[in-house]
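A quick write-up on the structure given underneath.
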Amino acid sequence: MPALAPLTLAPEPVHDAEPPAGSLEEMVLARLRDYAACLQGHEAKDLYALIMPQLERPLVRVAMELAEGKQVHAAAMLGIHRNTLRKRLEALGLDADGQPKVS
C-alpha cells in the first residue's frame, strides 16, 4: 500500500475544480433568497439601493488590492474611468486605497 501524502494547512489551489459553493451568481442568489425569507411577509423597499453597495464595495476593494492601490489600474480592471472610480470610492465610504474609512 502506498504511503499517504502528509496533510498541509494551506493546500495548493486547484484551478480546474469548481468552487464548492457553485458560481458567484448562485452564491449571491442563495444569500438574496435568505434575505427575502427573513422579511417574514414585510414589504421589501429600496432593495436596489440597499443591496448594490454591498456588492459593489467588495468588488472595488478587490480591484484596488489587485492593482496595489493604483486607481488607474483598478479602474481599467473594472472597465470604468478613473474619475468614476474616485467618485465610487467616496460614495462607498472607501479611502483612496480602497479601504473602509475610519470615522
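Quick notes on this structure:
- The residues listed here are ARG86, ARG61, ARG57; of these, the one that is over 14 Å from the mean Cα position of the chain (by Cα) and assigned to a helix (DSSP H, G or I) is ARG86.
- Single residue of the range 70-103 satisfying the filter (exposed (fewer than 14 other Cβ atoms within 10 Å of the Cβ) and among the small types (Gly, Ala, Ser)) that is nearest to ALA49 (Cα to Cα): ALA91
- Restricting attention to the range 30-67, the residues that are among the hydroxyl-bearing types (Ser, Thr, Tyr) and over 16 Å from ALA91 (Cα atoms) total 1.
- Candidates LEU66, LEU78, LEU89, LEU32, filtered to the one that is modelled with pLDDT under 95 and hydrophobic (A, V, I, L, M, F, W, C): LEU32
- GLU18 modelled with pLDDT of 90 or more and within 22 Å of the chain's Cα centre (by Cα): no
- Residues of the range 41-52 include none that is part of a helix (DSSP H, G or I) and at pLDDT 95 or above.
- The number of residues in the range 64-83 being assigned to a helix (DSSP H, G or I) and either in contact with an Asp or Glu (Cβ under 6 Å, 6 or more places away or on another chain) or small (Gly, Ala, Ser) (or both) comes to 3.
The values are calculated or read from the model by the stated rules, or taken from the named source; none is laboratory data. Because the structure is predicted, anything quoted here is derived from the model rather than measured. FYI the Cβ positions are ideal-geometry reconstructions off the backbone, even for glycines, and counts take in every protein chain you see.
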